[in-house]
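Take a look at the structure below.
The values are calculated or read from the model by the stated rules, or taken from the named source; none is laboratory data. None of the values given here were measured: they were computed from a predicted structure. Cβ sites come from the backbone with ideal geometry, for glycine too, and all protein chains shown count toward neighbours. Quick note on the areas: whole protein, heavy atoms, side chains included, nothing else; ligands and nucleic acids left out. Shrake-Rupley method; radii C 1.70, N 1.55, O 1.52, S 1.80 Å.
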Amino acid sequence: LRVEPKMSAGSRNTNTEPWGGFEDNIVQAGGAAVIDMENMDDTSGSSFEDMGEIHQRMKEEEEVAAEAAATEDDGAEDGEFLGMKGLKGQLGRQVADEVWQAGKRQASKAFNLYANIDILRPYFDVEPVQVRSRLIESMIPVRMINFPQKVAGELYGPLMLVFTLVAILLHGMKTSGTVIREGTLMGTAIGTCFGYWLGVSSFIYFLAYLVNAQITMLQMMSLLGYGLFGHCVVLLVTYNIHFHFLFYILWLLLGGLSTLRMVAVLLSRTVGQTPRLLLCGTLALLHMLFLLYLHFTYHKIVEGLLDTLEGPNMAPIQRVPRDVPEVILNATARSLGAMLRSH
Amino acid sequence: MAAAAAEEASRQLAGLSDVSISEDIPVEGDISVPVGSSKADDEFSTLDEPVKETILRDLRAVGKKFIHVLYPKRSSALLRDWDLWGPLLLCVTLALLLQGGAADSDDQGGPQFAEVFVIIWFGSIIITLNSKLLGGNISFFQSLCVLGYCILPLTVAMVVCRIVLMGGSGTVSFAVRLVVVTASFGWSTFASTAFLADSQPPNRKALVVYPVFLFYFVIGWIILTFSTSK
């Protein structure tokens, strides 16, 4: 009696092995194909990325196979009693099991720091020269909309630009004396920058998905991240040199150039008039308005302007109570003052 | 029957004795209890030493690392036996010194204790992760330790700033503070690069140094813009 389950488990294993192997092959091939599609127009070392991802995938698949083999032993016996209906139930359970295992794997992966680092490492595979050239390229729109333009799928530059923007924003907030009731300046700055970067790139990616534009989330994040270079320069200059005229020129010039660059890339990857208008219009609007917002929300001169606008209304009200006690306290002094003034 | 059994047993024993002790292979060996081990144990054991000694030893280790930061000569002592006591000490000191500025009193969003604390720790964690992602071969806590210890010049600058601010805040005091903070910022960046740069692939040093620069720049800038309440 004790031997039987083992036997059945063994036979089952031998039965499933070819299946598992076959599935593995299919999934691996599929994975590789997907990666190739993604990285087809990638300037960074795509071979390395492919190898890294495939390796990761293979590892995961191995884990899945092992786990499936382990869990299958338990469900093997009672399925035989139930016949055809049991087979169906078993299939359902197997699917559910698979989903559960995949979910568990995802969760444990999220907690495993080193696994995450290994997954992210390909996106940080850059040279200083590459970063420099991409920063410069982010300000140069390319007029080529018939053929999809290359977008580097890289996250080092965007991440550093976002952190730089956070630091610049902090500086702007400090010098403008911004008061934030709930929360800290640091938190607000980080929230604004990361919120814009992640939020807008996912929104544009969603739009691009709707209008069938050829761009991946990674490419979108990289594109928008490098697009923030113009913002950084403009804000750094205008937080320190307070000329509105200068700001508007820089806003149109640098902000406009970086926006144009992104728009050109998106144009080249979208087909049709309406989708192009929708996608590029949204991106351009958001990007330019974000710079305006950052400048005018955390700027010294605006605060001064508001003060002067409020000034005429506030001044008499403030002055009256200050004068009143003095007036009431010594009426004689007032009469004296009046006499002096009349003289 | 009993006699036969006894005889058989004795024969077996004899056989055993034959097998176990053979005359042509003499039993050799040196059986001795290692005497030195208990002594070594005593040396390593810190269970029965006074608490004062333990604390002093740790403090001495922290102080030694401070000297390494102040005189960065590419030694690996800071990397080899890392600890987080020094960074914690420096971070708390800096945050306490930054507490109670002018901005604090009327809730103008001055550097709160928690804010400084979070900037320092999360900043160093992000720098560390970045260096790991770029392919550096340095452990997580080693990098945290180095980045934390290298705040020392900035903490010193903060102390100087508070002393200068006691004298009054004018253009001269601002100039003095600017010079002190800039110098300590440069010092911090230089020291941390000296320790961290070796662990990176040579062609990517600039990419690792940039976030470090940004990190110390933000801290230095917070110190520079600090002003006491009047």
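Suppose the filter is open to solvent by less than 30 Å² (accessible area, probe 1.4 Å), within 13 Å of chain A (Cβ to nearest Cβ) and at pLDDT below 90; does B:SER131 pass it? Yes. The residue of the range B:172-182 that is nearest to the other protein chains (Cβ to nearest Cβ), among those that are open to solvent by 70 Å² or more (accessible area, probe 1.4 Å) and at pLDDT below 90, is B:PHE174.
If you check B:PHE226, B:PHE185, B:PHE213, B:PHE217, which single one turns out to be outside any helix (DSSP H, G or I), surrounded by fewer than 23 Cβ atoms within 10 Å (Cβ to Cβ) and either at pLDDT 90 or above or more than 10 Å from chain A (Cβ to nearest Cβ) (or both)? Break it down into steps so the answer makes sense when it comes.
Numbers: B:PHE185 fails: outside any helix (DSSP H, G or I); B:PHE213 fails: outside any helix (DSSP H, G or I); B:PHE217 fails: outside any helix (DSSP H, G or I).
Every option except B:PHE226 fails the conditions.
Restricting attention to the range A:258-281, the residues that are surrounded by fewer than 16 Cβ atoms within 10 Å (Cβ to Cβ) and part of a helix (DSSP H, G or I) total 4.
Specify which of the listed residues (A:SER202, A:SER176) is hydroxyl-bearing (Ser, Thr, Tyr), assigned by the TED database to the domain that holds A:ILE241 and open to solvent by less than 40 Å² (accessible area, probe 1.4 Å).
On the way: A:SER202 fails: open to solvent by less than 40 Å² (accessible area, probe 1.4 Å).
Checking each option against the conditions leaves just A:SER176.
Among residues belonging to the range B:66-81 that are open to solvent by 80 Å² or more (accessible area, probe 1.4 Å) and more than 11 Å from the chain's Cα centre (by Cα), point out the one that is modelled with the highest pLDDT. The residue in question is B:ILE67.
In this structure, does B:LEU88 turn out to be on the phi < 0 side of the Ramachandran plot, at pLDDT 85 or above and either surrounded by 10 or more Cβ atoms within 10 Å (Cβ to Cβ) or assigned to a helix (DSSP H, G or I) (or both)? Even if it seems obvious, please write down each step before you answer.
On the way: on the phi < 0 side of the Ramachandran plot: yes; at pLDDT 85 or above: yes; either surrounded by 10 or more Cβ atoms within 10 Å (Cβ to Cβ) or assigned to a helix (DSSP H, G or I) (or both): yes.
Yes, satisfied.
Among the residues of the range A:153-169, those that are over 18 Å from A:SER133 (Cβ atoms) and more than 9 Å from every other protein chain (Cβ to nearest Cβ) comprise A:VAL162, A:LEU165, A:ILE168, A:LEU169.
Residues in the range A:205-224 that are touching a Leu at 6+ places or on another chain (Cβ under 7 Å) and open to solvent by less than 10 Å² (accessible area, probe 1.4 Å): 2 in all.
Among the listed residues A:GLY227, A:GLY153, which satisfies the condition of being within 26 Å of A:LEU278 (Cβ to Cβ), at pLDDT below 90, crowded, with 16+ Cβ neighbours inside 10 Å and not hydrophobic (A, V, I, L, M, F, W, C)? Spell out how you get there, then give the answer.
Numbers: A:GLY227 fails: at pLDDT below 90.
Going through A:GLY227, A:GLY153 in turn, just one is within 26 Å of A:LEU278 (Cβ to Cβ), at pLDDT below 90, crowded, with 16+ Cβ neighbours inside 10 Å and not hydrophobic (A, V, I, L, M, F, W, C): A:GLY153.
Looking only at residues of the range B:114-128 that are more than 8 Å from every other protein chain (Cβ to nearest Cβ) and not hydrophobic (A, V, I, L, M, F, W, C), we find that the one that is farthest from the chain's Cα centre (by Cα) is B:GLY123.
The requirement of being at pLDDT 90 or above, assigned to a helix (DSSP H, G or I) and of a type in the set (S, T, N, Q) is fulfilled somewhere in the range B:189-209, by at least one residue.
Of all the criteria given as (1) within 14 Å of chain A (Cβ to nearest Cβ); (2) open to solvent by 10 Å² or more (accessible area, probe 1.4 Å), the one not satisfied by B:VAL164 is (1). Checking each residue in the range B:138-161 for being open to solvent by 60 Å² or more (accessible area, probe 1.4 Å) and more than 13 Å from B:GLY86 (Cβ to Cβ) picks out B:VAL156, B:VAL159.
Check off (1) open to solvent by less than 80 Å² (accessible area, probe 1.4 Å); (2) at pLDDT 80 or above; (3) in a helix (DSSP H, G or I) for A:VAL99 and give me the number that stays unchecked. Evaluating A:VAL99 over (1) open to solvent by less than 80 Å² (accessible area, probe 1.4 Å); (2) at pLDDT 80 or above; (3) in a helix (DSSP H, G or I) leaves (1) as the failure.
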